[in-house]
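Here the structure comes first, spelled out in structure tokens, and everything after it is commentary.
No value in this document is a laboratory result; all are computed from the given coordinates. In this text the structure is predicted, and so the values were computed from the model without any measurement. So basically every Cβ, Gly included, is an ideal-geometry build from the backbone, and we count neighbours across all protein chains shown.
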Amino acid sequence: MKEFECIPFTFLGMKNNLKNAKTVIVQAPYDGTVFYKDGQRHGPREIIDASRHMELYDAEFGCDVCESAPVYTMDELVLSKESPKKAVERVGEVVDEVLKERKFPLVLGGEHSVSAGAVSACAKKFKKNFSVLQIDAHGDLRDAYEGTKYSHACAMRRAREACGNIVQAGVRSMSGEEAEWIKKERIEKYIFGSEFEESEVLERIENENVYVTFDLDGFDPSIMPAVGTPEPGGISWKQATSLLRKVFERKNVIGADVVELCPVIGDTASAFLAAKLCYKMIGWKFLL
Ligand SMILES: [Mn+2]
């Protein structure tokens with residue numbers, strides 16, 4: 001058949017070429033442990049769709065970032081509906097493969113539980129020699145929630161077990177149980193609200209290798225309404241990009257995720273913001 005011009009349904013609409021790619025996009029469409037507003041399973045697709053309509057030129061670098069740092073987009077994963085443990089472990093297996101290929105894994109959620117899988121894959125490769133930086137409105141530090149240790153509400157508890165050093169910014173909501181645990185573990189100084197001092201956050205990241213997990217509800221709901229639990233008083237685009245740029249500049253970022261987009265009909269700004277955030281991270285990773 002004659003070939004017609006088409007835009008692939010991939011991140012940035014790029015033609016997939018695994019060999020050349022530096023980043024691998026892992027789509028983790030999972031919302032199996034969400035009890036309030038679900039729909040996070042549609043997040044990856046919305047981010048990909050928005051990314052296909054973004055300008056590829058980035059003024060910060062003066063070029064099309066994806067030309068120097070090509071991206072490969074995996075198709076959506078099939079994740080267990082019955083078992084959160086299996087769903088999270090599958091994400092871990094996939095990220096493990098991406099790391100073995102020496103590519104940069106960028107996971108699109110899906111709910112926050114998928115991050116626990118990605119972090120466990122990092123632990124397999126880096127043992128305890130990495131930190132996790134989390135941007136989030138919530139602590140996500142429960143030991144278990146609604147009968148599973150693989151809930152979105154437990155993602156950072158699992159991360160702490162895997163790596164020892166977690167740093168959280170934008171946090172403005174947690175349970176009494178989490179607050180108690182934080183005191184017991186004496187990790188108060190690693191947890192920042194929305195008015196964080198950038199230099200202090202950077203100081204607390206103890207390892208050279210860093211995994212970044214970005215729950216979009218860390219942003220203020222005025223710029224990111226499409227999340228399951230929008231908490232008032234969140235961080236700005238400027239705060240997020242300024243902090244992350246420095247993390248990518250000073251540290252070795254080994255992988256990242258952007259999770260919890262819960263698309264709302266009529267709102268395109270949220271998916272666009274998420275897509276742009278992903279593209280900025282790719283630029284900082286490979287072009288700084
Ligand atoms: Mn959250």
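With a ≥ b ≥ c the root eigenvalues of the C-alpha gyration tensor of the stretch 13-125, is it rounded (a/c under 1.5), prolate (a/b larger than b/c) or oblate?
Details: a/c = 2.41, a/b = 1.46, b/c = 1.65.
Oblate, because a/c is 1.5 or more while a/b does not exceed b/c.
Compute the longest continuous run of the chain that contains no exposed trypsin sites (Lys or Arg not before Pro); treat a site as exposed when its DSSP state is not H, G, I, E or B and it has at most 14 other Cβ atoms within 10 Å.
The longest such stretch corresponds to 187-288.
Between Glu76 and Glu206, residue separation times 0.36 nm minus the direct Cα-Cα distance comes to 43.4 nm.
For the pairs Lys2/Lys100; Lys86/Lys285; Lys189/Lys238; Lys125/Lys280; Lys15/Lys280, flag any whose C-alpha to C-alpha distance is greater than 27 Å. In this structure, Lys2/Lys100; Lys86/Lys285 lie more than 27 Å apart at Cα.
Basic side chains Lys and Arg get +1 at the Cβ, acidic Asp and Glu get -1 at the Cβ, and with that the dipole of the chain about its Cα centre reaches some 940 debye. In units of the compact-protein estimate 2.2 N^0.38 Å, the chain shows a Cα radius of gyration of 0.93.
Exposure proxy check: Phe104, Phe4, Phe126 ranked by fewest other beta carbons within 10 Å? Walk me through the numbers on the way to the answer.
Details: Phe104 22, Phe4 5, Phe126 19.
Fewest-to-most Cβ neighbours within 10 Å comes out as Phe4, Phe126, Phe104.
If you count, for each residue, the other Cβ atoms within 10 Å and average over each peptide, how do 26-33, 230-237, 213-220 line up from highest to lowest? Intermediate values should be presented prior to the final figure.
Numbers: 26-33: 24.2, 230-237: 17.2, 213-220: 27.4.
Going by the mean number of other Cβ atoms within 10 Å, highest first, we get 213-220, 26-33, 230-237.
Which listed residue (Ala269, Leu243, Gly228) has the Cα farthest towards the positive end of the charge dipole for the stretch 226-288, taking +1 on Lys and Arg C-beta and -1 on Asp and Glu C-beta about the Cα centre? The one lying farthest along the dipole's positive direction is Leu243. Any chance you could check the Cα centroid distance between the stretch 192-208 and the stretch 36-91 for me, in angstrom? One Cα centre to the other: 26 Å.
When the Cα positions of Ala28, Ser51, Ala87 are compared along the charge dipole of the stretch 4-123, Ala87 comes out farthest toward the positive end, with charges on each C-beta of Lys, Arg, Asp and Glu. Note on the stretch 225-248 and the stretch 2-25: Cα centroid distance 28 Å, given to the nearest whole angstrom.
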